[in-house]
Amino acid sequence: MAIPVIAIVGRPNVGKSTLFNRLAGERIAVVSDIAGTTRDRVSADASWGDDRYILVDTAGIEGNSEDIFWPDMQSQVLKALDEADLLIFVTDTGYGLTDADRDAANLIRRYNKPVVLAANKADNVEREQQAVEAYELDLGDPIPISAYHNIGIGDLMDVVMDSVATDDDEEVGSDVRISIVGRPNVGKSALLNALTGEERALVSDIPGTTRDSIDSRYRYVNGDDESDLMFIDTAGLRRRGKTEQGIEKYSALRTIQAIERSHVSLIVLDASEMVTAQDLHVGGFASEASRGLVVVVNKWDLSRELKLTREEAEEEIRDRFKFLPNSSIVFTSALTGRGLDRLLKATVDTYAEWSKRVAAGDLTR
């Protein structure tokens, strides 16, 4: 079979993102004590011993919420449940079982997927003993763990990997990694959804909707050429001094890390505002990381209203982004789909040129 997809699920604030980061081996998901921090599905390639798998973090399963993004967040959870080969259901031994745990367990039972029950935050003897309470959920034997303190993770993953079939012959991690970066609300998530053909990222008019870096795979076919692409949608980078503390601060750090782990960065501009100081700030990060770069002018469907020609826009971009003299410029509309084919081709071509420079030793990595 294909590489298994393993989704981490449960009610809000039981430590799902902490477990995700522990298993992924790096801080990909934003973690805080605030329930509802994770909004989108976040995924990563991971391995346990010789077994490889795709790990997915999800928003908390809850019946209702005042969060305006709640309907879309729950839609993302349901998609993760549908696509996963196995579910790791996480509970909190420190807080004990709640009605929300029971409701979440009832929901996932409808999907008839293999489930491994992780009783998290069992970082002392008393809490480890509390893990038996999770038997009530009728999801199998609870495995006491502490994702934060790395306790019981080996026991958990041995059970997980014994419960799914794996295919060691399929290669993981060979995708062309493409980060989608830009200031808040320029249409990065809408662009990701348009490129991949699915509602993978939450989209709204509120800046800061995306908090985590979201990985989405797409197979690009152009004649006889095929490329496996992994798009990484990111939180918007604000100007220095404008980043708030807490969750938003860590989201900015995740964005910088996404740039560093990508091969190509798509710098997304808003056609209605063109190049701003924030755009130059974002472009500077990507340029300093020595990645392949493509400038994407999104919302180009508004160009007639703006009375802006393509030539004028490109001239302004070349003039302002003097540190990106050879980067491709592509005009798109995530709303209408205009320019997406050109963007995919420009991205693959940019990766090919970047790879040649790396092979020739022109870049210091």
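The values are calculated or read from the model by the stated rules, or taken from the named source; none is laboratory data. These numbers come from a predicted model, not from an experiment. Cβ: placed from backbone, ideal geometry, glycine included. Neighbour counts: every protein chain shown.
When we screen Ala289, Ala334 for residues that are buried (at least 21 other Cβ atoms within 10 Å of the Cβ) and either within 24 Å of the chain's Cα centre (by Cα) or more than 20 Å from Met230 (Cβ to Cβ) (or both), the only hit is Ala334. Looking only at residues in the range 75-103 that are surrounded by 19 or more Cβ atoms within 10 Å (Cβ to Cβ) and within 11 Å of Pro12 (Cβ to Cβ), the one that is modelled with the lowest pLDDT is Val77. Within the range 126-146, the set of residues being in a helix (DSSP H, G or I), farther than 20 Å from Asp158 by Cα, over 30 Å from the mean Cα position of the chain (by Cα) and not basic (Lys, Arg) comprises Glu126, Gln129, Gln130, Glu133, Glu136. Selection of the range 268-312 for residues being among the charged types (D, E, K, R) and either outside the structural domain of Ile232 (by TED's automatic domain parsing) or part of a helix (DSSP H, G or I) (or both) yields Asp279, Glu288, Asp301, Arg304, Glu305, Arg310, Glu311, Glu312. The residues in the range 263-287 that are within 20 Å of Glu305 (Cβ to Cβ) and among the hydroxyl-bearing types (Ser, Thr, Tyr) can be counted, and the count is 2.
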